[in-house]
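Please read the structure below before turning to the comments.
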Amino acid sequence: MRKIGGYLAVISIALIILPFVGLTVRFTDWIYDWGETVAWAIKIGLIVLGAVLYFMGKPGVEETVEAVVESAE
């Protein structure tokens, strides 16, 4: 879940930044049909959801191995 949360947060941040440089993702154009405020709420909600998944998720195999190696030293 940690990896999914990280990806979700990064993609959501990109959805916020892209319109400022004149780009949008065609797949997410439907959120603008409900208005600018709702579009912002959805984007911010996706960032929050991604952060929650990231911080609540279990660490990956690499992080666990690093922690074990550090504790052994």
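Laboratory data are not the source of any read-out in this text; all were calculated from the coordinates shown. Small disclaimer: the values here were computed from a predicted structure and weren't measured. Heads up, the Cβs are rebuilt from the backbone with ideal geometry, glycines too, and the neighbour counts pull from every protein chain shown.
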(request) For the range 1-45, state which trypsin sites (Lys or Arg not before Pro) are in a DSSP loop and have at most 10 other beta carbons lying within 10 Å of their beta carbon. (result) none
(request) Pop out the ³J(HN,Hα) list for the range 23-32 in order, Karplus 6.51 cos²θ - 1.76 cosθ + 1.60 with θ = phi - 60°, rounded to Hz; leave Gly and Pro as x. (result) 10, 9, 8, 4, 5, 9, 5, 5, 6, 7
(message) Spelling out what I want: for every residue of the range 4-11, take phi, set θ = phi - 60°, compute 6.51 cos²θ - 1.76 cosθ + 1.60 (Karplus), and round to whole Hz; glycine and proline get x.
(response) 4, x, x, 4, 4, 5, 5, 5
